[in-house]
Amino acid sequence: MLAMVDRIPRQGMDKQLVLEQMKAYGEGDADWRSGRTWSLVYDAGDEHIAFLKQAHNTYFSENALNPMAFKSLRRMESEVVRMSATLFNGDENVVGTMTSGGTESILCAVYAYRERARKKKPWIRRPEIVAPKTLHVAFDKAAHYFGIRMRYTGVDDQGRADVKEMENLIGRNTILVAASAPQYPHGVVDPIAEIGAICAKKKVPFHVDACFGGFILPWIERLGGTFGPFDFRVPGVTSLSADLHKYGYAAKGASVLLYRSMDDMKNQFFVATDWPGGIYASPTVAGTRPGGPIAAAWAALVSLGEEGYLQRAKEAWDAAKHLASGIKEIDGLAIVAEPDCTVVAWMAAEGGPDVYAVADAMEARGWNIDRQQDPPSVHCTVNWKQAPVIDTYLSDLRTCVAEVRSNPKASSEGQAPMYGMMAKMPVRGLVKNGVVKVLESIYGAKQVDDPTAAASGGDGFVDKLVAKYGDQAMAILDKADNVRKRLRRKK
């Protein structure tokens with residue numbers, strides 16, 4: 001590991017040496033260019049990336065904090081909003097802003113609906129959001145920040161929202177209903193039309209979180225997707241968010257947040273009039289709004305065009321279907337749900353191997369693995385450039401499943417026991433403490449080579465269970481998990 005730079009050098013380094021050191025820093029990063037990373041980076045090709053860098057750098061120094069000073073950025077943002085509104089079947093009244101990503105879009109939407117409720121329903125003291133448990137965790141963050149209670153409902157066996165349960169939870173304190181198109185863990189679209197009809201009847205705002213896959217769903221729909229309307233075609237939908245830097249193939253970080261009308265969007269604005277520095281107004285959470293991501297998002301949309309997006313969507317969707325069908329043929333594995341888009345999540349079939357042990361084995365072969373819980377599974381977001389590696393992935397997966405099945409100790413080696421126990425631990429506060437330790441090690445004063453060691457080697461209760469009782473503790477947790485599943489089925 002290179003020595004830590006802990007102070008500004010007395011004399012500046014040679015610029016070429018600086019670039020070389022930056023390159024050296026990245027040698028251990030996830031290898032997304034080879035297709036072995038199933039999330040985080042959405043690649044539209046080397047030529048497109050080079051073009052985006054040019055577009056981004058053209059507005060590298062500009063700041064959309066003041067739209068009067070940089071009218072070019074205001075125009076590009078406005079055109080991104082209009083193109084997005086058209087894509088999502090909005091009319092001429094649909095308005096919106098760009099944000100730095102899905103989390104900021106969600107923070108802005110939740111804040112806007114809280115402010116709306118304060119004006120229209122001032123008697124609400126404990127505002128609530130009703131949503132399926134698969135909704136993105138950024139809503140939890142927003143609720144935590146803004147003093148709102150999340151009321152989660154269950155989902156069906158394919159991971160879609162339980163509409164009846166959502167309807168029953170909507171009450172006098174409900175300020176917003178939210179659902180996903182698609183939800184991230186399993187790639188399925190919630191029944192937006194049904195939920196929208198309920199929200200329209202009850203006159204409750206309804207936000208569709210399409211941050212993850214919003215910019216690929218319209219193209220999959222044209223290719224034959226049958227998940228139903230998920231956007232402003234549904235009368236009850238009052239707002240929608242979608243990330244441009246995912247399947248919009250824009251530069252990080254760029255998202256768009258749309259409202260059916262200004263009546264709701266205006267609650268998102270922050271205005272301060274008494275500051276000695278002058279009147280301050282901000283349309284989003286951010287103050288400074290970098291011009292580069294706005295320019296690159298505009299450039300991505302107009303350069304790829306409908307044909308470019310449709311072609312990439314077809315290749316990605318075909319690759320995802322190939323991956324899903326290949327996993328189904330592996331003895332011991334199953335997919336969690338039949339996805340509506342380019343997501344494949346796989347788990348152990350009845351009597352199958354330990355998923356987390358298989359994940360460890362796949363990671364040892366150079367694949368970047370996204371582990372999930374409830375159920376224990378592995379998530380794969382498929383991009384069009386991953387089509388060439390699908391067969392290699394399936395071959396490695398078959399080998400890893402066979403290795404784990406032939407090695408009874410695999411579940412107690414590597415990271416598998418920690419992930420397995422944390423997924424089943426009924427006292428979630430204990431799990432949270434373990435994760436906090438990891439964050440402390442990442443952002444602490446000293447650089448740590450392996451932050452995950454903080455979870456497996458710390459002084460937390462989960463860590464001690466793994467180290468001391470291992471198999472016995474897991475057996476107890478398995479029994480508790482089975483009891484919980486039986487109780488759910490009886491409800």
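Within the stretch 110-127, restricting attention to residues that are in contact with a helix residue (DSSP H, G or I) (Cβ under 6 Å, 6 or more places away or on another chain) and under 9 Å from residue 173 (Cα atoms), the residue that is surrounded by the fewest Cβ atoms within 10 Å (Cβ to Cβ) is 124.
Just one of the listed residues (264, 231) is of a type in the set (Asp, Glu), in the same structural domain as residue 77 (by TED's automatic domain parsing) and under 13 Å from residue 113 (Cβ atoms), and it is 264.
For the stretch 307-335, a residue qualifies if it is over 14 Å from residue 403 (Cβ atoms) and assigned to a loop (DSSP other than H, G, I, E, B), and exactly one does: 329. All of (1) surrounded by 14 or more Cβ atoms within 10 Å (Cβ to Cβ); (2) of a type in the set (D, E, K, R); (3) touching a residue at least 24 places away in the same chain (Cβ under 8 Å) hold for residue 74 with one exception: (3).
Any residue that is farther than 20 Å from residue 241 by Cβ and in a helix (DSSP H, G or I) - is there at least one of those in the stretch 200-208?
Step one: of the stretch 200-208, the residues farther than 20 Å from residue 241 by Cβ are 201-203.
Now drop any that are not in a helix (DSSP H, G or I), which leaves 201-202.
Among the residues of the stretch 200-208, at least one is farther than 20 Å from residue 241 by Cβ and in a helix (DSSP H, G or I), which makes the answer yes.
Of the residues making up the stretch 164-197, those that are crowded, with 20+ Cβ neighbours inside 10 Å and either part of a helix (DSSP H, G or I) or free of Cβ contacts under 8 Å to residues at least 12 places away in the same chain (or both) are 166, 192, 195, 196. Here residue 147 meets each of (1) small (Gly, Ala, Ser); (2) at pLDDT below 95; (3) surrounded by fewer than 22 Cβ atoms within 10 Å (Cβ to Cβ) with one exception, condition (2).
Looking only at the stretch 254-272, which residues are assigned to a loop (DSSP other than H, G, I, E, B) and touching a helix residue (DSSP H, G or I) at 6+ places or on another chain (Cβ under 6 Å)? I'd like the intermediate steps shown before the answer.
Looking only at the stretch 254-272, we keep the residues that are assigned to a loop (DSSP other than H, G, I, E, B), and these are 254, 260-261, 269.
Matches in the stretch 254-272: 254 only.
On the basis of being under 23 Å from residue 301 (Cα atoms) and either crowded, with 22+ Cβ neighbours inside 10 Å or hydrophobic (A, V, I, L, M, F, W, C) (or both), does residue 253 make the cut?
No.
For the stretch 66-154, please list each of the strands (runs of 3 or more DSSP E) lying entirely inside it that holds at least 2 residues being within 29 Å of residue 56 (Cα to Cα) and more than 16 Å from the chain's Cα centre (by Cα).
On the way: elements: 95-99, 128-132, 149-153.
Here the list reads 95-99.
Just for the stretch 13-46: of the residues that are among the acidic types (Asp, Glu) and within 26 Å of the chain's Cα centre (by Cα), which one is surrounded by the fewest Cβ atoms within 10 Å (Cβ to Cβ)? Reasoning before the result, please.
The initial filter retains those residues of the stretch 13-46 that are among the acidic types (Asp, Glu), namely 14, 20, 27, 29, 31, 43, 46.
Narrowing further to those that are within 26 Å of the chain's Cα centre (by Cα): 27, 29, 31, 43, 46.
Details: 27: 7, 29: 9, 31: 12, 43: 17, 46: 10.
So, considering only residues that are among the acidic types (Asp, Glu) and within 26 Å of the chain's Cα centre (by Cα), the one surrounded by the fewest Cβ atoms within 10 Å (Cβ to Cβ) is 27.
Only one entry of 55, 3 meets the criterion of being loosely packed, with under 10 Cβ neighbours inside 10 Å and farther than 30 Å from residue 379 by Cα, and that entry is 3.
How many residues does the stretch 309-328 hold that are within 15 Å of residue 397 (Cα to Cα) and free of Cβ contacts under 8 Å to residues at least 60 places away in the same chain? Going through the stretch 309-328 one residue at a time, the tally reaches 3.
Filter the stretch 336-359 down to residues that are outside any helix (DSSP H, G or I) and in contact (Cβ under 8 Å) with a residue 60 or more places away in the chain, then give me how many there are. Give the steps one after another, and end with the answer.
Step one: of the stretch 336-359, the residues outside any helix (DSSP H, G or I) are 336-354.
Next, only the ones that are in contact (Cβ under 8 Å) with a residue 60 or more places away in the chain stay: 336-345, 354.
Qualifying residue count for the region: 11.
Can you confirm whether residue 11 is modelled with pLDDT of 85 or more and part of a loop (DSSP other than H, G, I, E, B)? The answer is yes for residue 11.
The values are calculated or read from the model by the stated rules, or taken from the named source; none is laboratory data. Computed from a prediction, not measured in an experiment: that's the story for all the values here. Here Cβ is always computed from backbone atoms with ideal geometry, including for glycine, and neighbour counts include all displayed protein chains.
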